[in-house]
Structure formats: C-alpha cells, structure tokens
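Some notes on the structure that comes next.
The values are calculated or read from the model by the stated rules, or taken from the named source; none is laboratory data. Since we're looking at a predicted model, the values are computed, not measured. FYI the Cβ positions are ideal-geometry reconstructions off the backbone, even for glycines, and counts take in every protein chain you see. Ligands, DNA and RNA are stripped out before the accessible areas are found, and what is left, the full protein with its side chains, is counted by its heavy atoms. Shrake-Rupley method; radii C 1.70, N 1.55, O 1.52, S 1.80 Å.
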Amino acid sequence: MFYGLPVFYPSLVESLGFSRAQLSTGFLLGFAFVAFPVGILAGTLIDRVGAQKVISVGIWLVGLSLVLMGSMNRLWEFYLLCTMAAVGYVLSGPIPNQVLVANWFRMKRGRAMGYAYLGLGLGGAVSPLVIQPLIQVFGWRQALQIAGSIIVVVLFPIARWVTKSTPDDLCLLPDGVASTAETSISSLPAKNGAARIDFKSILRSRNFWLILAGCMLTIGAIGAVTQHLVLLLRDKGYPLKLASHVFSAMLASSLAGRVIVGYLADRRNKKNVMALFYFLLGSSISLLFLSSHPAAVWTFALVFGFALGADYMLIPLVTAECFGLAILGTVLALIISGYSVGQWVAPWVAGRIFDRYHSYDLAWIIMVAAGILGAIVIYAISPAKTARPVASAAVREPM
C-alpha cells in the first residue's frame, strides 16, 4: 500500500487528471482526521484483546480499498478510499506488528524486529517490479484490483489461523521458552488489559514528545521522498520501467540496513543508533538535487535505502525502553498515529510546491532540514528518565 501505490501515480495523473497535491491529499485526510483517533483506539484494543484480531480487520480494509480504487473515476472517491486504506493500515500495519515482535522476543529483540521488517523492505522492493508490468499488461485499474485481492487472499488466512498475539497463547514465554510450573509470574509478559493506562503520565513524559517529534520530522521526509520519487524521475526523462527499478533498488538496499540496524540495536544504545541513521537519511536527500545524473540517482537509492533500515523498526525498541511492554500498544498507537500525519503532510507539501513552482528543489531543502532536525531530537531522548506509567503492581515488566 505504501511503496506500491506511487507506481500508480503517473497513471492517475494522466488518466484522471489528478494533481500531485491531490494525490497526497487523499492519505493526508485519511490519517489526519480518521486514522489518528482509530489508531489510539487500536492501541487500546491491542493491549486488551491482542493484535491478532485487530490485524484481521485491517487486512480486509486495505485489500478492499485497493480493489475499489480500480473502479474510481472522481476525486472524492479517491479520498474516501484512501481514508479506508489508511484505517486498514493503522489496524494491520506497524502498531500491531511491532507489539507482536516486542511481546514474542526479549533477548534479541532488536534483531527480531530487524528480521521482521525485512518484509517491509522486501515487499517494497518487489512491488514496483510486479506492479509496473501489471499496469502495462492489464492497465492500472485491473492492476489495483489484483494487488488488493492478493493482500486479502494471502494475509487474512495467516492473520486468522497462524498469528498468536502473545507467547502465552501457546503456553510459552518470550523467545519460545517452554512454560513450567516453576516459572515466576514476574517473568511472564504483561497480560492484555492487566495494566491501567495513565494517559496523563504518558503525555507528561518528555521522551514521549521527543520520540513523536523526531519521528514526525524524519518519517515525514521519508514519506515525501518515497511518494514523489517516481514522479521526479519521470519529470527528469527516465522511463517508468527505469524509475521503478530505482525505487526497487532503494528498498532492496534497505534490507541490508534492517539487518545491520537490528544487530547494532542489540549491542549499542538504541536511540543513538536511531539518531545516526536518521541523520544519514536526511543528509542523503540532498543527492536528489543532482537527479539529472544517473550516477547520483543510483547513489541516492543505495545510501537512502540503506538508512531506511532504521525508519520504523527502532521506534518500538526505543519506546519499549522508555515505557515498558504493558502499555506498549497504546503508546505506539499515539506515536504512530501522530507521525503518520507528518508522513502524509510532507508529501502534500512537496506536491503543492511542485504544482506552484514546477520544481521539487524547495521541497528537498525542507526535507533535508527536517530529517537532520529529527535526528537531533531523537539523540536528546533519555530512556532512564522516563517514569513508566503502569499502575498495576501485579504486572511486572520483564528485564
């Protein structure tokens, strides 16, 4: 949904006459006005009923929205379906999956998160290569319907019959250790709904606002680049096939980044690793000023893509260090719903800038500054100073 849709954008511009700002407005409206409150609700539901049920609902919303996009003709229909897809993304995307990994792994959580997020990079790398020929053979409408159908057919059975919200569902402990009668209750992960959520304590936390601000700035810059890269390359005269290959190379490079970031996160200070890679992300955007030169484009794809390895996967690790696991779903829902607004405001801003000036140069200046500032903000996080807002003495966070 996130990395595949930009390949459709040239077709939507040519076929339906949408402007670049309008293309970005659809998901901006969805995330800002609908997905944000739904995300907060989803975080509470995950903490109470588990991630599996929430993911199952989200998969249907994402798949059906893409299938219906294949029949749209008007701008309001696009906006409505983008909103539906955004809600599905909140329910089946980073929030529940990050909680799943955090619940299932303790000793090598960083590497586990890195390996899990290989799916994001692999899916992003493959989808442009698959979608571009689908558009050529079937047209963009049928290609959207095929993509949406695959999401439901492949993912819903996995979510419904394979996924387990916590190790306790299989009478296990984190890392797959078998549960025994001698196991202390203090070593078990927090039960869903066992902790009372104190929103005031979360919102008073300095680290909460630093995580939110740093992610909003950097992931906003990432969103602007990923949503407009194919359009930029088409403007520079690159054919759609080559533009899709560059996009895929960028996301393939992120695979190596995710493995290395996960490895570093288990051995180094997590927020420092996050700040370093966010700085690299912001700095590498400056290469887009040289996008007329193929060498600069491919260098950008490799460097920016490698740094993408830290885009989302370190957020739950740093958040867990600051707030613990018992209310991780709720805190992540607040953070992810918040930065998702920035994730779509930035592409909208980039589209508006292009529509007015017929150039992305000012947009890239803003995104470089946002990425670097986001890195500085993340570096200011102090996990040890966070008071974990969990009120139930019966639930103890595993060390």
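Could you pull out the trypsin sites (Lys or Arg not before Pro) across the stretch 244-278 that fall in loop regions by DSSP (anything but H, G, I, E, B) with no more than 13 other Cβ atoms inside 10 Å?
Numbers: sites: ARG258, ARG267, ARG268, LYS270, LYS271; in loops: ARG267, ARG268.
Of the trypsin sites (Lys or Arg not before Pro), the ones in loops of the stretch 244-278 whose Cβ has at most 13 other Cβ atoms within 10 Å are ARG267, ARG268.
What residue among ARG20, ARG74, ARG48 shows peak mean-square fluctuation when the chain is described by a Gaussian network model with Cα springs under 10 Å?
Evaluated over the chain, the most mobile residue of the options is ARG74.
Anyone know which of ALA375, ALA159, ALA326 comes out most mobile in the 10 Å Cα GNM of the chain?
Comparing ALA375, ALA159, ALA326 in the GNM, the peak value goes to ALA159.
Which FRET efficiency, nearest 0.05, do ARG160 and LYS200 yield, Cβ-Cβ r, R0 45 Å?
On the way: r = 37 Å, r/R0 = 0.81.
Approximately 0.75, to the nearest 0.05.
Among SER286, PHE156, VAL101, which residue has its Cα furthest toward the positive end of the charge dipole of the chain, with +1 on Lys/Arg Cβ and -1 on Asp/Glu Cβ?
Positive-end residue among those listed: VAL101.
So for the stretch 18-73, Kirkwood radius off the Cα pairs, Stokes-Einstein at 25 °C and 0.890 mPa s: how many µm² s⁻¹?
On the way: Rh = 13.0 Å.
The calculation lands on 188 µm²/s.
Please report the spacing between the Cα centers of the stretch 7-69 and the stretch 348-375 in Å, no decimals.
23
Taking 2.2 N^0.38 Å as the expected size of a compact globular protein, what ratio does the Cα radius of gyration of the chain give against it, to two decimals?
Computed over Cα atoms of the chain, the ratio equals 0.96.
Applying 1/(1 + (r/R0)^6) with R0 = 30 Å to the Cβ-Cβ distance of HIS293 and PHE138, what FRET efficiency is obtained, to the nearest 0.05?
Details: r = 34 Å, r/R0 = 1.13.
The value I calculate is 0.30.
In debye, nearest 20, what is the charge dipole magnitude of the stretch 223-367 about its Cα centre with +1 on Lys and Arg Cβ and -1 on Asp and Glu Cβ, if you could check?
Numbers: 10 positive and 6 negative charges, 24 e Å.
So the magnitude is around 120 debye.
Mind computing the radius of gyration and Dmax over the alpha-carbon atoms of the stretch 104-166? Å is fine for both.
In order Rg, Dmax, the Cα atoms of the stretch 104-166 give 15.6, 48 Å.
Which whole-Hz couplings ³J(HN,Hα) result when phi for each residue of the stretch 62-74 is put into the Karplus expression 6.51 cos²θ - 1.76 cosθ + 1.60, θ = phi - 60°, listed in order with x for Gly and Pro?
Whole-Hz 3J(HN,Hα) from phi for the stretch 62-74: 5, x, 5, 4, 5, 4, 5, 4, x, 10, 6, 9, 10.
Taking 7 Å along the Cα-to-C-beta vector as the label spot, tell me the ASN272-LYS236 distance in nanometres, rounded to one decimal.
Label at ASN272, label at LYS236, 3.5 nm between them.
Distance from the Cα centre of the stretch 294-346 to that of the stretch 99-156, in angstrom?
17
Over the alpha carbons of the stretch 207-276, what is the largest minus smallest coordinate on each principal axis, giving the biggest first in Å?
For the stretch 207-276, the Cα extents along the three principal axes come out at 43, 26, 12 Å.
Under a point-charge model restricted to the Cβ atoms of Lys and Arg (+1) and Asp and Glu (-1), what is the dipole moment magnitude of the stretch 29-142 relative to its Cα centre, in debye to the nearest 20? Mind showing how you got there, number by number?
On the way: 8 positive and 2 negative charges, 78 e Å.
With Lys and Arg at +1 and Asp and Glu at -1, about 380 debye.
Would you mind working out the magnitude of the charge dipole of the chain relative to its Cα centre, with +1 at each Lys and Arg C-beta and -1 at each Asp and Glu C-beta, to the nearest 20 Debye?
With only Lys, Arg, Asp and Glu charged at Cβ, the dipole is about 480 debye.
How much accessible area per residue does the chain have, in Å², with a 1.4 Å probe?
Values: 16120 Å² over 399 residues.
Result: 40 Å² per residue.
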